[in-house]
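The values are calculated or read from the model by the stated rules, or taken from the named source; none is laboratory data. Note that the coordinates shown come from a computational prediction; the quantities given were computed from them, not determined experimentally. Note that each Cβ is placed from the backbone with ideal geometry, even for glycine, and that neighbours are counted across all protein chains shown.
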Amino acid sequence: MSRFVFVVSALGALFLFSSCAGRPGNTCYVTQFSSPTADSDLGIGDSSVQGGGRQALAQSFLLSAKTTIKAVELDLYKVGTIADQGIHTIRVRLETNATGTDKPSDVLAAANAEAALPVSQLSTIPNFYTFTFPAPVTLEPGTYWLRVNASYNMSTTDLVKWVGHNGAGGFEGGRASFLNNTGWFTTDIVLLDLLFRINC
């Protein structure tokens, strides 16, 4: 699973993007420079993690200017055998940052800032999948989170994984987190970033 991911970033050390003007296809890429490190992917609904499992995953990013977002892309793949794949979905929510913390707020960043894909559309090979919002979402500068949930039952073997980068050269403008029974945590994934793109 060694794949090179290109980055188009704004002019800044933190790889923030200020707008989509002038970028090919009006796509703002917020990913990593180098290939994902082995075994750094996280399962969505992974019940093997102590404390209630990883019920949801999230990745933060920072907008340096007012930005309109049409869709987001996540690097995903499925493992094992997930029952009722045509019924179950992976859902993405764009959430604000909780005041005074560094975690998702459980509050949508704007109306229409969520989208879903059936698990049946995902492959067993990692690939970027597009989650298109019902209408474009315009956000003010600040920190936001891509929060991802699955509707299937939690499992240690049958689930969807989000590809992560856990090494030098990663995305410096955000962080990964996961939700268990007691709250959001970065335990054991403090250096991890989950691969994503923002489409403007």
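Please determine, by comparing only the residues of region 151-194 that are within 15 Å of ASP75 (Cβ to Cβ) and at pLDDT below 80, which one is surrounded by the fewest Cβ atoms within 10 Å (Cβ to Cβ). Per the stated criteria, the residue is ASN166.
Of all residues in region 94-105, how many are aliphatic (A, V, I, L, M) and either part of a strand (DSSP E or B) or under 14 Å from the mean Cα position of the chain (by Cα) (or both)?
Of the residues in region 94-105, the ones aliphatic (A, V, I, L, M) are 94, 98.
Right, trim to either part of a strand (DSSP E or B) or under 14 Å from the mean Cα position of the chain (by Cα) (or both) and you get 94.
Going through region 94-105 one residue at a time, the tally reaches 1.
Take region 66-78 and flag every residue that is farther than 15 Å from THR130 by Cα and in contact with a Phe, Trp or Tyr (Cβ under 8 Å, 6 or more places away or on another chain).
Narrowing region 66-78 to residues farther than 15 Å from THR130 by Cα: 66-68, 78.
Residue satisfying the conditions is THR67 alone.
Evaluate region 62-78: report whether one residue or more is closer than 30 Å to THR182 by Cβ, in contact (Cβ under 8 Å) with a residue 40 or more places away in the chain, of a type outside the set (Val, Ile, Thr) and not in a strand (DSSP E or B).
Of region 62-78, the ones closer than 30 Å to THR182 by Cβ are 62-63, 72, 74-78.
After this cut, where a residue has to be in contact (Cβ under 8 Å) with a residue 40 or more places away in the chain as well, the list is 62-63, 72, 74-78.
Of the ones still in play, those that are also of a type outside the set (Val, Ile, Thr) are 62-63, 74-78.
Then keep just the ones that are not in a strand (DSSP E or B); that gives none.
No, there is no match, as no residue in region 62-78 is closer than 30 Å to THR182 by Cβ, in contact (Cβ under 8 Å) with a residue 40 or more places away in the chain, of a type outside the set (Val, Ile, Thr) and not in a strand (DSSP E or B).
Mind telling me which of the residues PRO118, PRO141 ends up being on the phi < 0 side of the Ramachandran plot, surrounded by fewer than 19 Cβ atoms within 10 Å (Cβ to Cβ) and at pLDDT 95 or above? Talk me through it step by step, then tell me what you get.
Details: PRO141 fails: at pLDDT 95 or above.
Testing whether each residue is on the phi < 0 side of the Ramachandran plot, surrounded by fewer than 19 Cβ atoms within 10 Å (Cβ to Cβ) and at pLDDT 95 or above leaves just PRO118.
Filtering GLN50, GLN85 for residues that are under 24 Å from VAL190 (Cβ atoms) and in a loop (DSSP other than H, G, I, E, B) leaves a single hit, GLN50. The criterion of at least 1 residues that are among the charged types (D, E, K, R) is met, among strands (runs of 3 or more DSSP E) falling completely within region 106-169, by 114-118, 142-150, 159-162.
When VAL49, VAL79 are checked against the criterion of being at pLDDT 95 or above, aliphatic (A, V, I, L, M) and surrounded by fewer than 19 Cβ atoms within 10 Å (Cβ to Cβ), VAL79 stands alone in meeting it. Only one of the listed residues (ALA38, ALA13, ALA58) is surrounded by 15 or more Cβ atoms within 10 Å (Cβ to Cβ) and either at pLDDT below 90 or closer than 29 Å to THR138 by Cα (or both). That residue is ALA58.
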